[in-house]
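Right, one structure below, let's go through it.
Laboratory data are not the source of any read-out in this text; all were calculated from the coordinates shown. Values in this document were obtained by computation on a predicted structure and should not be read as measured data. Every residue, glycine among them, receives a Cβ derived from its backbone with ideal geometry; neighbour counts consider all protein chains shown.
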Amino acid sequence: MAKAEGIGAGIGWIGVGKMGNPMATRLLEAGYRLTICDPVAENRASLVARGAQVAATAGDLAANCGLIFSTIPNDAVLQEVVYSAEERGNFLTRVSARAVLVEMSTVSPDVSRRVADDLARRGVGYLRCPISGSTALARAGSLTALASGDAAAWETAAPFLDLLTTQKFFLGPGEEARYMKLVLNTLVGATSAILAEALALGATGGLSDQQMMSVIADSAVASPLIRYKQDMIAQRDFSPAFSVVQMRKDFTLITEAGRTQHVPMFATNLILQQYTAAANAGYAEKDFFALVEWMRMACGLDMNA
């Protein structure tokens with residue numbers, strides 16, 4: 001097993017679910033010792049089988065690791081991890097000075113800023129490092145990392161990020177990476193919403209999804225995202241890579257950031273309502289491109305055509 005040079009007691013990973021698991025697996029496969037923390041046994045199992053150690057709480061992990069990655073669902077979980085009322089589980093009070101936290105989740109700039117201030121007072125390097133890409137790209141080590149914050153933390157984390165990503169960007173000293181992730185997710189979520197409307201219109205003119213997607217994927221409006229989702233739409237298999245309810249969460253973050261910064265986000269607020277309506281109609285746990293199917297239903301179109 002390889003040692004992580006210059007990072008003290010070792011590497012920790014908090015949250016090894018859908019995205020965290022394949023990324024943590026890549027570190028283990030590279031020979032690094034890894035301690036993980038996740039409340040779900042099924043998430044931990046494959047990593048334990050590869051030799052990962054398990055910490056009972058985030059606080060226990062923080063006390064024993066010099067470099068810590070975090071991939072968690074939302075603001076509430078990040079705050080629970082950092083500020084847990086349980087003394088043993090409290091990350092902030094147990095993490096060592098000079099440790100580095102690489103926080104890779106999609107969370108709000110406001111909560112991230114509060115965490116940054118408190119970690120700085122503790123002497124902890126904090127790298128905001130949300131990632132962009134699918135679970136398949138995570139398994140392949142082909143994600144994109146959007147980083148900002150402590151420059152020394154960036155230097156520490158960069159060699160490990162090279163195992164997880166094909167592109168990485170350092171964007172500034174503060175919350176720039178958080179805003180960049182919201183920018184990308186605005187465009188990603190909007191792609192599904194407008195594509196759903198366009199395909200519904202085409203269907204009323206006798207076109208099939210297969211016909212339309214073949215043309216779209218080879219047109220001026222094609223994108224890697226549209227090509228990636230082409231088969232999903234043609235086959236009407238909306239098994240989730242990223243769900244409707246997850247996109248609703250992200251669009252809530254986006255619109256709240258817009259309000260905070262006094263940016264009038266007309267289209268984005270409307271798209272949030274589309275994801276909310278689709279979730280309420282039974283599509284919550286389907287892939288966010290299930291907006292295509294939801295729009296067909298909303299238009300009264302033949303669902304089997």
With no solvent and one equal point scatterer placed on each C-alpha of segment 11-173, evaluate the Debye formula and give log10 I(q)/I(0) for q = 0.13 Å⁻¹, two decimals. -0.53
At 0.890 mPa s and 25 °C, plugging the Kirkwood radius over alpha-carbon pairs of the chain into Stokes-Einstein gives what diffusion coefficient in µm²/s? 120
Just subtract the alpha-carbon distance of Val188 and Val77 from 0.36 nm times their residue separation and send over the number in nm, one decimal. 37.6 nm
Given H placed 1.01 Å from N in the peptide plane, which residues other than close sequence neighbours of Ile36 have an amide H under 5 Å from its amide H? Trp13, Gln53, Val54, Ala55
Between Ala45 and Glu86, how high is the FRET efficiency from 1/(1 + (r/R0)^6) when r is the Cβ-Cβ distance and R₀ = 30 Å? Nearest 0.05. 0.80
Longest site-free stretch - the chain; sites: trypsin sites (Lys or Arg not before Pro), DSSP loop, at most 15 other Cβ within 10 Å: 99-235
Rg to Rh quotient for segment 179-298, alpha carbon positions, Kirkwood Rh: 0.97
Label point 7 Å out from Gln167 along Cα-to-Cβ: which residues of segment 117-148 have amide N under 14 Å? 131-134, 142-147
